[in-house]
Amino acid sequence: MIRYTTFAVAVGLTAISALLTIFWPYFWIAFVFFGFFALVGVHDVRQEGHAVLRNYPILGHLRWILEGIRPEIRQYLLESDHEKVPFSRDDRAIVYQRSKSAEDKRPFGTKVDVYAAGYSWITHSVLARTDVPWDTRVTIGNDQCKQPYAASIFNISAMSFGALSGNAIAALNKGAKMGGFAHDTGEGGISVHHRNGGDLIYEVGSGYFGCRDDKGNFSPENFAKQAANPQVKMIEVKLSQGAKPGHGGLLPAAKISEEIAEARGIAMGQDCISPAIHNKFGTPLEFINFLAELRELSGGKPVGFKLCVGHRREFMCMVKAMIETGTVPDFIVIDGKEGGTGAAPLEFANHIGMPLVEGLSFVVNTLIGAGLRDQIKIGAAGKLVTAYDLARIYALGADWVNSARGFMFSIGCIQAQACHTNHCPVGVTTQDKLRQRALNVDSKSKRVAGFHKNTLKAVAEIVGAAGLGSPFELQPKHLMVRQKSGETLSGAKIYLTMPPDALTDGVAVEESYQVPWNNARTESFRPFEGMESLLYN
Ligand SMILES: Cc1cc2nc3c(=O)[nH]c(=O)nc-3n(C[C@H](O)[C@H](O)[C@H](O)COP(=O)(O)O)c2cc1C
């Protein structure tokens with residue numbers, strides 16, 4: 001019975017060392033050492049929870065030890081440079097290097113398999129340019145907006161105070177201040193740590209944190225107070241995030257500090273719930289009217305919303321409501337299914353919501369078809385950390401890119417994936433005062449600004465290599481993508497299909513747009529009675 005050998009040896013050695021202690025008193029150390037293991041063995045064979053331990057007393061514990069250090073073994077010893085789990089070693093390394101303005105070149109040539117399906121590249125020009133400015137700005141705010149905002153084309157995506165530590169928030173905001181770019185608050189309200197002078201995008205989630213009444217409903221007065229803050233440049237309503245669309249959030253009572261309670265406008269000592277849906281609106285018209293109300297209450301600051309595309313028809317309901325009311329939001333942020341979160345159920349993290357590339361091209365095409373593209377700026381987020389990630393997404397129609405985990409890497413995240421445990425080893429996603437002390441705000445804020453600047457400098461190089469003068473000149477035709485068949489197609493063939501105003505002018509378009517458009521209505525997100533399409537949602 002090999003499986004009991006370890007246990008038998010421990011018991012045997014305990015007995016022997018007990019005997020030897022009579023003659024050599026120092027053997028008590030051996031007696032205690034082996035005795036401990038013998039006791040563990042006794043516990044293992046008697047306990048009922050784990051069959052492995054009953055069959056392999058003492059030895060079975062190795063299983064848990066190895067399981068416990070498996071992520072580290074994988075990350076430090078086994079992971080290849082390109083394995084995206086979720087971000088590859090190469091991706092993380094380039095962020096760390098650009099954050100420190102360290103050498104970020106690569107020797108000897110690409111390690112990427114350029115003949116693999118899905119491989120994509122940007123076409124360059126013989127007339128390459130070297131005069132492309134890196135600090136390109138995009139003005140967000142259509143003619144219904146009184147205070148348009150000249151934003152950077154690369155900003156910090158929403159991450160709430162609560163999911164992130166106070167020091168992390170402060171480092172991000174100080175970095176945004178230094179680099180002149182924006183920092184999205186996330187749905188946890190505006191905290192003391194956000195007040196470091198960096199431009200803010202105030203996110204209003206279903207919990208209405210910072211702008212709620214004592215019952216948790218939206219409070220126009222409290223909202224107006226927050227929106228009047230000069231640091232607040234834009235207002236974003238969060239409908240969903242890619243990592244957990246249609247799923248609310250919960251911040252356990254244990255993680256709620258006085259600072260979090262103050263920022264959110266909630267009581268201490270009870271779990272803080274972000275409902276899965278908003279209670280302020282329930283129909284497309286109510287939603288669009290809510291955006292108009294927020295613009296009014298904020299003194300005409302740019303207002304928009306963030307979503308991960310779900311049912312295509314529901315997004316088209318919103319677009320039809322924009323046309324019917326004449327209220328057009330200033331921007332839409334599309335989050336890809338591949339986006340991140342502090343914590344989400346496995347199935348949601350893996351299989352609910354549309355990936356970024358599909359979501360972006362769907363929204364761009366729908367707005368073009370509805371004749372609204374010129375009035376609405378588009379932001380995109382979802383695993384975008386290298387300059388090529390950004391350039392590709394600009395080419396597919398985004399006006400700016402948001403990154404969350406990229407900036408987490410810039411303040412020291414090592415992808416330990418312990419965000420949900422409060423035991424983040426580098427003080428980024430924890431409310432533990434001692435752990436977050438490890439994150440030095442001043443030195444990390446310089447890294448945040450460094451990552452931003454050096455990434456955009458690399459984007460400018462790519463744009464110049466393509467012979468263009470600005471990222472806005474990148475188009476789907478500049479992208480080439482290898483299909484499973486091995487054939488390569490231009491991005492314009494794959495992603496851009498909608499003729500301008502085709503949807504509103506009733507020009508027939510491809511079915512996957514036509515059917516949900518026909519089924520979309522403004523007075524409800526639900527399809528017409530009996531009109532449910534079997535093909536498209
Ligand atoms: C720790 C963490 C917290 C987040 N909190 C929010 C949030 O409060 N509101 C929101 O809209 N998105 C939230 N997100 C999603 C990000 O803003 C972003 O859209 C998504 O992670 C994709 O970007 P990335 O791939 O660069 O991380 C969070 C993401 C992370 C990693």
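The values are calculated or read from the model by the stated rules, or taken from the named source; none is laboratory data. The structure displayed is predicted, hence computed values, not measured ones. Ideal geometry is used to build each Cβ from the backbone, glycine not excepted, and the neighbour counts take in all protein chains shown. Note: accessible area is taken over every heavy atom of the protein model, side chains too, but ligands, DNA and RNA are not part of it. Shrake-Rupley method; radii C 1.70, N 1.55, O 1.52, S 1.80 Å.
Between L535 and R3, what FRET efficiency comes out of the Förster formula 1/(1 + (r/R0)^6) with R0 = 60 Å and r the beta carbon distance, rounded to 0.05?
Computed FRET efficiency for R3 and L535 comes out at 0.60.
Please report the spacing between the Cα centers of the range 213-227 and the range 12-39 in Å, no decimals.
Going from one Cα centre to the other spans 68 Å.
Ignoring ligands, DNA and RNA, what percent of the 1.4 Å accessible area of the range 234-273 is carbon and sulfur?
54 percent
Mind checking the full-extension length gain between V192 and T421? Use 0.36 nm per residue of separation minus the Cα-Cα distance, one decimal, nm.
Length gained between V192 and T421: 80.1 nm.
Which of the three applies to the range 85-213, rounded, prolate or oblate, going by the alpha-carbon gyration tensor with a ≥ b ≥ c and a/c under 1.5 meaning rounded?
Because a/c hits 1.5 or more and a/b exceeds b/c, the range 85-213 counts as prolate.
Under 8 Å for C-alpha pairs, at least 6 residues apart: give me the relative contact order for the range 2-68, rounded to a whole percent.
Once normalised by length, the contact order is 33 percent.
Tell me the mean residue ellipticity at 222 nm calculated for the chain from its helices only (DSSP H runs of n ≥ 4, each -39500 (n - 2.57), averaged over every residue, nearest 500).
Counting only the DSSP helices, I get -11500 deg cm²/dmol.
Take the alpha carbon gyration tensor of the chain, find the square roots of its eigenvalues, order them as a ≥ b ≥ c, and report rounded if a/c is under 1.5; if not, report prolate when a/b exceeds b/c, else oblate.
Taking the square roots of the gyration eigenvalues as a ≥ b ≥ c, the chain is prolate.
Which of the pairs K105/K453; K215/K244; K244/K383 have their Cα atoms more than 18 Å apart in this structure?
In this structure, K215/K244 lie more than 18 Å apart at Cα.
Give me the 1.4 Å probe accessible area per residue for the chain, excluding ligands and nucleic acids, in Å².
46 Å²
Roughly speaking, to the nearest percent, how much of the range 331-385's 1.4 Å accessible area is carbon and sulfur?
With neighbouring chains kept in place, the figure for the range 331-385 is 56 percent.
How many angstrom lie between the Cα centre of the range 410-445 and the Cα centre of the range 476-510?
The range 410-445 and the range 476-510 have Cα centres spaced 42 Å from each other.
Once you put a point 7 Å from the Cα of D442 and another 7 Å from the Cα of D505, both along the Cβ direction, what distance in nm separates them?
Going from the D442 label point to the D505 one covers 6.1 nm.
Under 11 Å from the Cβ of G180, count the other residues' Cβ atoms, weight Lys and Arg +1, Asp and Glu -1, and hand me the total.
Cβ neighbours under 11 Å give a net charge of +1.
Quick check: at a probe of 1.4 Å, how many percent of the accessible area of the range 106-222 sits on carbon and sulfur atoms?
55 percent
Once fully extended, how much extra length lies between I73 and K111, figured as 0.36 nm per residue of separation less the alpha-carbon to alpha-carbon distance?
11.4 nm
Could you tell me which of Q431, P133, G469 has its Cα farthest along the dipole of the chain towards the positive end, charges placed at Cβ (Lys, Arg +1; Asp, Glu -1), taken about the Cα centre?
Q431
Among A254, A416, M498, whose Cα sits farthest toward the positive end of the charge dipole of the chain (+1 at Cβ of Lys/Arg, -1 at Cβ of Asp/Glu, about the Cα centre)?
A416
Let me understand the range 2-68 better: what is its radius of gyration from the alpha carbons, and its Dmax, in angstrom?
Spelled out, the Cα radius of gyration and Dmax of the range 2-68 are 13.3, 42 Å.
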